[in-house]
Amino acid sequence: MKRKASLAVGLAALALAGCGGSSDQQQVHATFNKVVHELAARNPDACSLFTKRYALQNTGLSNYHAALARCRSHTTQHSLSLPKGLRVEKVRVKGNKAILTASAPGQGSGTFHFIKQSGQWKIDSVTAR
């Protein structure tokens, strides 16, 4: 799955959301952390935390199940190293949409757009600077 980010995590463009009474901001932050660590660990479960639109867009495929399979295959075959000093700068939530900004020293920053689907936050797009 190609990734459109200069931030080494890039997503590579990201604690599953929904821990008890945690706020949406905390859930978005937790989802980001889960995705980042699962990608670094080559865990294909990370792919379930991307929206259908994101998976289709980043694989160039028109079938979601094929896009999900490609994401899972790519994740198990390619390693992602977490950049030193990776940190979340801010999280903004408005309804069922959220924006998380993360950065790493010397590697730029990334803006991660999330959508809440069926009670779970998922990454819908990534923009790197």
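Listing for the model above:
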item: Check on Gly106, under 20 Å from Lys52 (Cα atoms), of a type in the set (Gly, Ala, Ser), exposed (fewer than 12 other Cβ atoms within 10 Å of the Cβ) and over 14 Å from the mean Cα position of the chain (by Cα); result: no
item: Residues being open to solvent by 90 Å² or more (accessible area, probe 1.4 Å), outside any helix (DSSP H, G or I) and touching a strand residue (DSSP E or B) at 6+ places or on another chain (Cβ under 9 Å) - total across the range 47-102; result: 6
item: Residues of the range 109-129 satisfying the condition of being in a strand (DSSP E or B) and open to solvent by 30 Å² or more (accessible area, probe 1.4 Å); result: His113, Ile115, Lys116, Gln117, Gln120, Lys122, Thr127, Ala128
item: Meets criteria (over 12 Å from the mean Cα position of the chain (by Cα) and at pLDDT below 95) for Lys84; result: yes
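The values are calculated or read from the model by the stated rules, or taken from the named source; none is laboratory data. Worth saying up front: this structure is predicted, and the values here are computed from it rather than measured. Heads up, the Cβs are rebuilt from the backbone with ideal geometry, glycines too, and the neighbour counts pull from every protein chain shown. What goes into the accessible areas is simple: the full protein's heavy atoms, side chains included, and nothing from ligands, DNA or RNA. Shrake-Rupley method; radii C 1.70, N 1.55, O 1.52, S 1.80 Å.
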